[in-house]
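A short write-up of the structure that comes next.
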Amino acid sequence: MKLASFRYNGTDSVGVLSSDETKIYPFKDIKDMNEFIDECAGNSKILAETREKLVKLEADRNVGIPLSNVQLLAPIPVPKQDVICLGINYALHAQESAKFSADNFKIEKSYPVYFSKRVNEAVPHGGVIHIDENVVTALDYEVELAAIIGKDAKNVAPEDAYDYVFGYTILNDVTDRTAQTNHTQWYFGKSFDDFTPMGPYIVTEDCFERPPILKIQASVNDEIRQDATTDQLIYDLSYIISDLSAGMTLKAGTVIATGTPAGVGMGFKPPKFLKKGDKIVCTVEGIGSLENTIG
Ligand code: MG
C-alpha cells in the first residue's frame, strides 16, 4: 500500500492511495502519519484491515479524492526525532568522497558511519529547496532509500529486523559540502532548512522483498547522475537495525536514511554542485519519484 500525507480544502490528512494512484482515501480520525504509525504499532491488525478496506473502497467509484485535487505533503512532514543517516554506505561513493576530501571522508570501514540530520519540516514532492547563496556555497544531492520504523525496536536480531520496518520512502539527503567539511562533524551541513525532501509516499514493507533490492537513481536537469541498486549497500538494513537497537531504542516513526550511491556532485571533476533553478529527481523502484527544484 502507498500511504500519503496531503492537504485538501485547507486540512491536512493522511490516507491510502488507490492501486492506480489516481485517488486517495483519507483515514478518519487520524491527525498525521506519526499518529497512524503509532496506532499500527499498538495494533498489528490495522494495516491488514486497511488493505481489506481499500479493496472495498476501490470497488466504489463514488468515494475517494482525485489525487490531482490534493497537495501532497512529505509523508512525515515533521519527524518526531532527527533522521538517522548512514554515511559512506556504498563502496563507489566512499571512493568519490575520499577523492573530494581525504581529511573528511577517508574512513576505515570497520563500523558503519552514523550521523543525524535535523528536519524542522520535510520538503514534499514538488517542493522547492530554498537556499541563501551567501550561506550555501556547495549544494549537493544524495538519493537514499529511507526506512520508517513501525514499532519500538530494542535488541532486534538481524533476522527479525524487517518485522520492525513500517515502510519505505525516498529521501534526498541534501548537503552543503562547505559546511559539512568546515565543521568536521556532518550535522550542520546536512540540517539546513529545506535540506530533507522526502516522498512522495510511504510504501508499506509488505510490498517488498527482504531485503528490498531496488534500482535507485538521481538526475539533475534530466542528466542521470546516480544509478545503482540497493544490494550494493555495505551495511544493509537488517544489520543497521540490529546494530543500532543493541544500544538505543528505535522509536516507532524513526526515519533511517540508508546512504547514497556514487554520482553526487562532489564526485565530479570539477564538482557539479546545484544552483538555483536546477531540478533534481530522485527515483527508487517500487516507491516512485521525488522531484524538487532549487529556489
Ligand atoms: Mg547521505
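The values are calculated or read from the model by the stated rules, or taken from the named source; none is laboratory data. Model, not experiment: these values are computed from the prediction. All Cβ positions, even for glycine, are placed from backbone atoms using ideal geometry, and neighbour counts span all protein chains on display. Please note that ligands, DNA and RNA were not included when accessible areas were found on the heavy atoms of the full protein model with its side chains. Shrake-Rupley method; radii C 1.70, N 1.55, O 1.52, S 1.80 Å.
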Two-decimal Rg to Rh for the range 66-192 - Kirkwood Rh, Cα set
0.99
With the charge dipole of the range 83-294 built from beta-carbon charges (+1 for Lys and Arg, -1 for Asp and Glu) about the Cα centre, the Cα from Thr254, Ala102, Ala218 projecting farthest to the positive end belongs to Ala102
Just name one of Ala179, Ala153, Val165: the one whose Cα is farthest towards the positive end of the charge dipole of the chain (beta-carbon charges, Lys/Arg +1, Asp/Glu -1).
Ala179
Amide H neighbours of Gly167 at under 5 Å, excluding residues fewer than 5 places away on the same chain, with H built from the backbone geometry, are Ile148, Glu205
Heavy-atom surface of the chain, accessible at 1.4 Å and reported per residue (Å²)
45
Using the Cα centre of the range 1-88 as the reference point, and only Cβ charges (+1 on K/R, -1 on D/E), how large is the resulting charge dipole? Debye, rounded to the nearest 20.
160
So what's the Cα pair-distance distribution over the range 1-123, bin width 10 Å, in %?
11, 31, 24, 18, 14, 2, 0
Once the Cα atoms of the range 184-295 are picked out, what are the Rg and Dmax in Å?
15.5, 44
Express in whole angstrom the spacing between the alpha-carbon centres of the range 179-193 and the range 211-252.
21
With every protein chain kept in place and a 1.4 Å probe, the residues Ile88, Ile107 fall, from largest accessible area down, as Ile107, Ile88
So what J values fall out for the range 183-191 if you push phi through Karplus, 6.51 cos²θ - 1.76 cosθ + 1.60 with θ = phi - 60°, rounded to Hz, Gly and Pro as x?
9, 6, 6, 7, 3, 5, x, 9, 10
So how much accessible area does Ser116 have, in Å² to the nearest 10, using a 1.4 Å probe?
40
What's the tally of Lys pairs in the range 83-294 whose alpha-carbon atoms lie under 12 angstrom apart, where the two lysines are 8 or more places apart or on different chains?
4
With θ set to phi - 60°, apply the Karplus curve 6.51 cos²θ - 1.76 cosθ + 1.60 along the range 194-208 and write out the HN-Hα couplings as whole Hz, x wherever there is a Gly or Pro.
6, 8, 10, x, 8, x, x, 9, 9, 9, 5, 4, 5, 7, 10
Taking amide H atoms as placed 1.01 Å from N in the peptide plane, list the residues 5 or more away in sequence, or in a different chain, whose amide H sits under 5 Å from that of Val113.
Gly87
If one computes P(r) from the Cα atoms of the range 175-235, what percent of pairs lie at distances over 15 Å?
70
HN-Hα J in Hz across the range 49-60 - Karplus 6.51, -1.76, 1.60, θ = phi - 60°, x for Gly and Pro
5, 4, 5, 5, 4, 4, 4, 5, 4, 5, 6, 10
5 angstrom amide H check on Tyr90, placed H, neighbours 5+ away:
Ile234, Thr260
Roughly speaking, to the nearest percent, how much of the range 39-164's 1.4 Å accessible area is carbon and sulfur?
48
Once a ≥ b ≥ c are taken as the square roots of the eigenvalues of the Cα gyration tensor of the range 2-73, is the result rounded (a/c under 1.5), prolate (a/b larger than b/c) or oblate (a/b not larger than b/c)?
oblate
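Summing -39500 (n - 2.57) over the DSSP H runs of n ≥ 4 in the chain and dividing by its residue number, what mean residue ellipticity at 222 nm do you reach, to the nearest 500 deg cm²/dmol? Walk me through the intermediate numbers first.
Working: 7 runs with 56 residues, N = 295.
Computed ellipticity for the chain at 222 nm equals -5000 deg cm²/dmol.
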How compact is the chain by the rule of thumb for globular proteins, expressed as Cα Rg over 2.2 N^0.38 Å?
0.98
With +1 assigned to the C-beta of every Lys and Arg and -1 to the C-beta of every Asp and Glu, and no other charges, what is the dipole magnitude of the chain about the Cα centre in debye, to the nearest 20?
280
